[in-house]
Amino acid sequence: MARFVFALQKLLEVREWEERQAEHSLAAKTGQCNAAEAVIRALLERRHAVFLQRGGLDLSILAAHDAFRAKVGKDIESKQKELARLTIEREDLLKVYLEKRRRRDVLTKLSERHERAHKLARSRREALNLDDLNTGAFIRRMGAGEVELGQN
């Protein structure tokens, strides 16, 4: 029997490749978002640790701590802006990925439907072939007088 071959298999493979590429881009952008979040957490922890280490009432030390906290605050703010930008880019890449996946799913489902129809047609052909073989064997036995028809 002929094996199933999906006529749009090459297109399906291209769509699978496009989906994988979109998935890799999305994963890379997610990694960038996670890295930015980790930097923000580290800066927040560092600012908090410096706040807790504040020494006595020496004005020069207090001024240095305040200047450091202000610098870390600016760094945190810039990283938060970067994270917001990365998050928007990630959402855009997610939309692209979902569209690529949907386009691939359409072809995958079509392929599965055609394969089921092919299997059903193949099983029907096999059943017809078996019926033909059995009918031919029955006719040969009748010709040889081997078959007794049901007598009621």
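The values are calculated or read from the model by the stated rules, or taken from the named source; none is laboratory data. Being a predicted model, the structure only gives us computed values, none of them experimental. Please note: Cβ atoms are built from the backbone with ideal geometry, for glycine as well, and neighbour counts cover all protein chains shown.
Between Ala63, Ala36, which is among the small types (Gly, Ala, Ser) and surrounded by fewer than 12 Cβ atoms within 10 Å (Cβ to Cβ)?
Ala63
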- prompt: Got a sec? Which of Glu23, Glu45 is more than 26 Å from the chain's Cα centre (by Cα) and part of a helix (DSSP H, G or I)?
  reply: Glu45
- request: Could you please find all residues in segment 64-85 being among the polar types (S, T, N, Q) and under 11 Å from Cys33 (Cα atoms)?
  value: Gln80
query: For the subset of segment 22-33 comprising residues that are farther than 26 Å from Gln80 by Cβ and touching a residue at least 12 places away in the same chain (Cβ under 8 Å), which member is surrounded by the most Cβ atoms within 10 Å (Cβ to Cβ)?
result: Ala22
task: Among the residues of segment 111-152, count how many are surrounded by 10 or more Cβ atoms within 10 Å (Cβ to Cβ) and either at pLDDT below 90 or not basic (Lys, Arg) (or both).
output: 27
query: Tally time: how many residues in segment 100-148 are in a helix (DSSP H, G or I) and without any contact (Cβ under 8 Å) to a residue 24 or more places away in the chain?
result: 30
task: Quickly run through segment 1-20 and pick out the residues that are without any contact (Cβ under 8 Å) to a residue 12 or more places away in the chain and either assigned to a helix (DSSP H, G or I) or of a type in the set (D, E, K, R) (or both).
output: Arg3, Lys10, Glu13, Val14, Trp17, Arg20
